[in-house]
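A short reminder: the numbers here are calculations on the coordinates, not readings from a lab. Keep in mind that what you see is a predicted model, and the values were worked out from it rather than measured. Note that we place each Cβ from the backbone using ideal geometry, even for glycine, and neighbour counts take in every protein chain shown.
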Ligand code: UDP
């Protein structure tokens, strides 16, 4: 449809995701929800990333929705990266994530040309693209800051940045209270992101990210107000405008095919082995263990985890990411896998699991998670209480929300915020792991957690139905964007 023929109330929105599953999967889901509500949507991405979600976009397009992908080449060779390495999930070294960010900056001019060519009425861009505030300003349109994490984590971080309660303590393991939060939340400096503890180039980058958040028209959160309404209110009164439009994954991935290959290229086998294994288990008897798309544990931490799960006496399905090509050959883990196959106590999935399908299986009783926000929302949507084992980024704040505010999880006792898998040491021991599993799977208290999580799961489902909170937020946002478009294009009298 040409620009001239475009009706006044049709809005045109560009989405620019960041190439890491925890960022890209929810943004693509959000883009698809926009398209299903009459928005003309373009997602700008690079070839290998497009291949992980193009099928879903094509299906939506063929069903009559106005959604397309524009693909720009990624400068892998210039960055010294192998061809096709365009997503953080394929990176084994921390520096690669910096290179991915640099790669996007290298194609910034081409992205901005596309912005001009496509005449958008709004840009929805990942938090990690702070420069897009200027792009939107040049085009005279709003930029929405996209963040798939908790308001709690943002409010906690803004408070810490403002008050520095972690400074001046005798040691990194002493607790401090986070000021100005509705709950009394204590943390240690060691649980904060390293860039908050020590000034580095990452500090400057994140300061630019948060500055861009406050300069944006508003923020889109993959969240729903029944989950953490107190913190949504606090955010709105201290940071700015926002819309909670989640949980986006439950909203848009309704059939099994969508659920299984969301964020991944390979299709689900007809009768996958993991499904047969889970089908052989009693209802609510298995723990799902996964640390998201980026965390790779050291060998010694894998050993502790394996022993902890084994000692707990409970069945589990565990997703292990490869540290490098040789990890699959690590004899300990291979032997452990064999032993578990024989005893039928545990099932290991290498690298990537169809998480949404597994979480919904009746045999699953709980989720041992690294507290990535998408995993938390998916666990809550499935009504599953959690064992929390945060590793890096804002995950330690999310743990506080789960354990202390919502009371739907048991902490494993992780103490240090660091990029997992970088050092060959084990932060959490087998006893702590086994105790947490037994606690979640057996204790009376965990029944209450389960019932609270089920209530939240019901609330999550209602929030995305017609008339629900997230649904209404989306409608209100789209109306606002239409009014803005009309105001911007109205000829001056
Ligand atoms: N995911 C998945 N299979 C895997 C690992 C991850 O489907 O084996 C999905 C998961 O369902 C979630 C996303 O990838 O939607 C990970 O996001 P999250 O915020 O939980 O953690 P991150 O990967 O960003 O640390």
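For the pair residue 215 and residue 280, label points projected 7 Å from Cα toward Cβ lie 5.9 nm apart.
Shown is the FRET efficiency for residue 131 and residue 183, computed with R0 = 35 Å from the Cβ-Cβ distance and rounded to the nearest 0.05: 0.50.
Taking label points 7 Å from Cα along the Cα-to-Cβ direction, residue 455 and residue 338 give a separation of 5.0 nm.
When DSSP beta bridges are restricted to pairs lying wholly in the chain, around 5% turn out antiparallel. In this simple spin-label approximation, residue 448 and residue 462 carry label points 7 Å from Cα along the Cα→Cβ vector, and these lie 2.3 nm apart.
Between residue 472 and residue 63, the contour length at 0.36 nm per residue exceeds the Cα-Cα span by 144.9 nm. If the segment from residue 90 to residue 438 were pulled out straight at 0.36 nm per residue, it would be longer than the present Cα-Cα gap by 121.9 nm. Residue 110 label point, 7 Å along Cα→Cβ, cut-off 18 Å on backbone N: hits in the stretch 75-95? Residues 75-88 fall inside that zone. Computed from Cα positions, the angle between helix 21-36 and the longest principal axis of the chain comes to roughly 50 degrees. Its residue count N sets the reference 2.2 N^0.38 Å, and the alpha-carbon radius of gyration of the stretch 351-393 equals 1.09 times that reference. Annotation for the stretch 368-384 versus the stretch 385-440: alpha-carbon center distance of 13 Å. Relative contact order, whole percent, for the chain stands at 16, derived from Cα pairs under 8 Å and 6 or more residues apart. Any chance you could check the Cα centroid distance between the stretch 450-466 and the stretch 293-319 for me, in angstrom? First find each Cα centre; the distance between them is then 30 Å. Dividing the radius of gyration of the alpha carbons in the stretch 270-459 by their Kirkwood radius gives 0.93 for Rg/Rh.
Each principal axis of the Cα cloud of the chain was evaluated for its coordinate range; sorted largest first, these ranges are 76, 57, 49 Å. Gain on full extension, evaluated as 0.36 nm per residue between residue 169 and residue 307 minus their Cα-Cα distance, stands at 46.1 nm. Helical content of the chain, expressed as a calculated mean residue ellipticity at 222 nm, amounts to -14500 deg cm²/dmol (DSSP H runs of 4 or more residues, -39,500 (n - 2.57) each, divided by residue number, nearest 500).
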